[in-house]
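What follows is a single structure, written as structure tokens, with notes after it.
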Amino acid sequence: LIRANPSSISYCTDGGYTPLHVAIWRGASVEVIREFVRTAPSALWKQNKSDCIPLHLACWNFYSEDVIDVLLQADPRTAMLQTVELDTPLHYAAMQNVPDEVISLFIRHIPDALMAVNNRGDTALHICCRNGISFD
């Protein structure tokens, strides 16, 4: 379907969700996510009504380190996009207490993401420390 109609990847629902948002929310395989990204890299930047990009959803609804790695490799700059609450995808990952390896992916791809401040005055580093995420 993606290859047959690549323009459909840019379609947004009333809530601002693209097919990539939905695929990530529903736990699509890394191969499907990789195909979305290859076909329509601009979908990485599409924000829903809460200003969440697909990377935010991948971190909030964590199911695959590989999916997050694919999204970060495709464009690490997306890691700095903030929601209406000023949370970055890394804030979401830290709130969900994802495995340490996921935090390490962010540090490797875009270390500045650790220092972005949300509207509660927290960096992702604050949240990681509160949740006991180590940085080994």
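The values are calculated or read from the model by the stated rules, or taken from the named source; none is laboratory data. Predicted, not measured: the structure shown is a model, and the values here were computed from it. Because the Cβ atoms are built from the backbone with ideal geometry, glycine has one as well, and the counts that use them run over all protein chains shown. Remember, those area values only see protein heavy atoms, side chains included, never the ligands or the DNA or RNA. Shrake-Rupley method; radii C 1.70, N 1.55, O 1.52, S 1.80 Å.
Here residue 58 fulfils each of the conditions (1) surrounded by fewer than 19 Cβ atoms within 10 Å (Cβ to Cβ); (2) at pLDDT 95 or above apart from (1). Only one entry of 132, 121 meets the criterion of being small (Gly, Ala, Ser), over 17 Å from residue 28 (Cβ atoms), at pLDDT 95 or above and open to solvent by 10 Å² or more (accessible area, probe 1.4 Å), and that entry is 121. Restricting attention to region 36-82, the residues being in contact (Cβ under 8 Å) with a residue 12 or more places away in the chain, of a type in the set (D, E, K, R) and more than 19 Å from residue 101 (Cβ to Cβ) number 5.
I'd like to know if region 17-34 contains one or more residues that are modelled with pLDDT under 90, open to solvent by 40 Å² or more (accessible area, probe 1.4 Å) and either within 22 Å of residue 126 (Cα to Cα) or β-branched (Val, Ile, Thr) (or both). Walk me through it before giving the result.
Taking region 17-34 as the starting set, the residues that turn out to be modelled with pLDDT under 90 are 17.
After this cut, where a residue has to be open to solvent by 40 Å² or more (accessible area, probe 1.4 Å) as well, the list is 17.
Subsequent filtering for residues that are either within 22 Å of residue 126 (Cα to Cα) or β-branched (Val, Ile, Thr) (or both) retains none.
No, region 17-34 contains no residue that is modelled with pLDDT under 90, open to solvent by 40 Å² or more (accessible area, probe 1.4 Å) and either within 22 Å of residue 126 (Cα to Cα) or β-branched (Val, Ile, Thr) (or both).
Looking only at residues of region 38-55 that are over 16 Å from residue 25 (Cβ atoms) and part of a helix (DSSP H, G or I), we find that the one that is modelled with the highest pLDDT is 45.
Quick one: in region 66-116, which of the residues that are among the acidic types (Asp, Glu) and open to solvent by 70 Å² or more (accessible area, probe 1.4 Å) is farthest from residue 131 (Cα to Cα)? Spell out how you get there, then give the answer.
Filtering region 66-116 down to residues among the acidic types (Asp, Glu) leaves 66, 69, 75, 85, 87, 100-101, 112.
Right, trim to open to solvent by 70 Å² or more (accessible area, probe 1.4 Å) and you get 66, 85, 101, 112.
Values: 66: 22, 85: 20, 101: 15, 112: 20 Å.
Only one residue fits best here, namely 66.
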